[in-house]
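Here is the structure we will look at, set down as structure tokens.
The values are calculated or read from the model by the stated rules, or taken from the named source; none is laboratory data. Remember, it's a predicted structure, so these values are computed and weren't measured experimentally. With ideal geometry, Cβ positions are generated from the backbone for all residues, glycine too; neighbour counts draw on all protein chains shown. Heads up: the accessible areas ignore ligands, DNA and RNA and are worked out on the full protein's heavy atoms, side chains in. Shrake-Rupley method; radii C 1.70, N 1.55, O 1.52, S 1.80 Å.
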Amino acid sequence: MYSRLFAPVLAPRPCAFADSRSEAAMGRLVMKFGGTSVADIERIRNVAQHVKREVGAGHEVAVVVSAMAGTTNRLVEWCREAAILHDAREYDTVVAAGEQVTSGLLAIALQGIGVPARSWQGWQIPIATTDAHGLARILEIDGAELIRRFQERAEVAVISGFQGVHNETRRITTLGRGGSDTSAVAVAAAIHADRCDIYTDVDGVYTSDPRVVPKARRLEKIAFEEMLEFASLGAKVLQVRSVELGMVHNVRICVRSSFEQPDTGDARGSPAGTLICDEEEIVEQHVVTGIAFSKDEAQISIRRVRDKPGVAAAIFGPLAEANVNVDMIVQNVSGDGATTDITFTVPAADYERASAVLAGSRPAIGYERVDGANDVAKVSVIGIGMRSHAGVAAQAFRALAERGINIRAITTSEIKFSLLIDAAYTELAVRTLHSLYGLDR
Ligand code: ADP
Ligand code: ASP
Ligand code: MG
């Protein structure tokens, strides 16, 4: 799908390599820096040095920046203070501002150390998106002007992440929290970059969040499919859509630290960090690759629902219409043939809305009552090796039972299983499973 959407920029690769840059080591890079990496002027200067290093190695560089750490949260909060229910178009106008500041500042810092650079906002490139304000999808990026400037002016492009523009309305859009990762991978696809380096405050993707599991290990490589699960099940190191885009466009993504002095060199190489790649590239296979978790979950149980055809549609149809993202659905087989219980989870932020929707459709569904819990967490075990190994989940059930942790709901798929537990036990459960599957350092 994306190749079609990116068609205008996926035309034959510009012959940048045919002319003056014939040496193998030269290439084109996207370097993305997250909020903590650009948190103040000192760190922006540090980022400028990273960029200078790659430019010095002969690479053409597009940089994608996030807002300074804490800025987007503050902008979101201001929108809420102004009005709890506000116009999503104006929300985007406000929250896109954080990235505008950092792109300008980094361009200034680069120019200050003799690196030609120019800042670009989403609308200037343009990065065309849907009009789903607050959660827009990138449709198309025209990278031609950026490439022309690489070649004619040796100019670094400093692009504001997270933002785009809806072509028909000309309004600024944003891509959802963590969206700068997606901007970076999309730009990499559009300009045919050899690699997309995601610089952050950790030096790679770990077997679990290193803030919660001190014994977590850095992964040299992780398969796109596994990274997709990691990202969608709570590991915020990469936004889910960035991984989807990388997979579809075959972008070489490397997660690495902006706080270290990394190596330079071959643009197709794998610098210290974690390479997101195809499954075939991974030599050392483990049954379990890692543990992800999310505390932003709420559980809803509908008691004594009438057990007849059409009930699931009556429940989940209106929820979908209200844009509530339903996850883990568990339905019992009815004991008496008349009624049953249905449990599912929704993002904590959607809990109130989901409850209101269910109350509204009670006559159509027919149930006794709705029970809810906001203090639940989802812990997920991920690994491609699970495809060919049985009994992996059973080990987890036993280990959690031994620690007195009750499992509220379970879902499984080919390469992962998820357990819903009381939020208070999240850290204990994650560390227990991390040790159980031999992932500790
Ligand atoms: P940035 O601001 O650079 O985009 P984020 O805060 O969005 O950075 O993502 C990096 C954070 O992701 C890390 O600080 C870490 O706490 C968290 N994280 C969660 N799970 C993982 C994981 N499996 N490996 C690495 N980091 C993880
Ligand atoms: N600044 C945006 C956020 O905090 C986008 C990003 O950092 O990726 O969500
Ligand atoms: Mg992020």
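The table that follows gives values for the structure above.
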read-out: Criterion: of a type in the set (Ser, Thr, Tyr), touching a Gly at 6+ places or on another chain (Cβ under 8 Å) and in contact (Cβ under 8 Å) with a residue 12 or more places away in the chain - qualifying residue of Ser355, Ser418, Ser361; value: Ser355
read-out: Condition check for Val212: part of a loop (DSSP other than H, G, I, E, B) and either at pLDDT below 95 or closer than 14 Å to Val255 by Cβ (or both); value: no
read-out: The stretch 292-323 - residue that is within 23 Å of the chain's Cα centre (by Cα) and open to solvent by 40 Å² or more (accessible area, probe 1.4 Å) and, of those, farthest from Val240 (Cα to Cα); value: Ala320
read-out: Evaluation of Val101 against (1) within 12 Å of ligand 2 (Cβ to nearest atom); (2) within 20 Å of the chain's Cα centre (by Cα) (one fails), failing number; value: (2)
read-out: Positions within the stretch 232-261 being near ligand 1 (Cβ under 9 Å from one of its atoms) and of a type outside the set (Val, Ile, Thr), in sequence order; value: Gly234, Ala235, Lys236, Leu238, Gln239, Ser258
read-out: Residue list for the stretch 26-41, restricted to those being open to solvent by 10 Å² or more (accessible area, probe 1.4 Å), more than 7 Å from ligand 1 (Cβ to nearest atom) and either among the hydroxyl-bearing types (Ser, Thr, Tyr) or under 17 Å from the mean Cα position of the chain (by Cα) (or both); value: Lys32
read-out: Helices (runs of 4 or more DSSP H) contained entirely in the stretch 1-115, each with at least 2 residues that are out of contact with any strand residue (DSSP E or B) (no Cβ under 7 Å at 6 or more places or on another chain) and modelled with pLDDT of 95 or more; value: 41-56, 71-82, 88-95, 97-112
read-out: Odd one out for Lys378, checked against (1) touching a Leu at 6+ places or on another chain (Cβ under 6 Å); (2) among the charged types (D, E, K, R); (3) part of a helix (DSSP H, G or I); value: (3)
read-out: When residues of the stretch 220-241 are limited to those that are open to solvent by less than 20 Å² (accessible area, probe 1.4 Å) and within 13 Å of Cys277 (Cα to Cα), the one nearest to ligand 2 (Cβ to nearest atom); value: Met227
read-out: Residues that are assigned to a strand (DSSP E or B) and either open to solvent by less than 60 Å² (accessible area, probe 1.4 Å) or farther than 16 Å from Ser242 by Cα (or both), drawn from the stretch 127-146; value: Ile127, Ala128, Thr129, Ile138, Ile141
read-out: Failed criterion for Gln261 (all others in (1) free of Cβ contacts under 8 Å to residues at least 24 places away in the same chain; (2) under 28 Å from Ala390 (Cβ atoms); (3) among the polar types (S, T, N, Q) hold); value: (2)
read-out: Residue tally, condition open to solvent by less than 30 Å² (accessible area, probe 1.4 Å), assigned to a loop (DSSP other than H, G, I, E, B) and either among the β-branched types (Val, Ile, Thr) or within 23 Å of Ile410 (Cβ to Cβ) (or both), over the stretch 324-362; value: 2
read-out: Residue list for the stretch 410-441, restricted to those being part of a strand (DSSP E or B) and open to solvent by less than 10 Å² (accessible area, probe 1.4 Å); value: Phe417, Ser418, Leu419, Leu420, Ile421
read-out: Residue check for Gly161: under 30 Å from Ser380 (Cβ atoms), in contact (Cβ under 8 Å) with a residue 12 or more places away in the chain, within 13 Å of ligand 1 (Cβ to nearest atom) and surrounded by 24 or more Cβ atoms within 10 Å (Cβ to Cβ); value: yes
read-out: Selected residue [under 23 Å from Glu90 (Cβ atoms), of a type outside the set (Ser, Thr, Tyr), within 19 Å of the chain's Cα centre (by Cα) and open to solvent by less than 30 Å² (accessible area, probe 1.4 Å)] from Gly179, Gly246; value: Gly179
read-out: Ile315 vs. criteria assigned to a strand (DSSP E or B), within 30 Å of Glu368 (Cα to Cα) and among the hydrophobic types (A, V, I, L, M, F, W, C); value: no
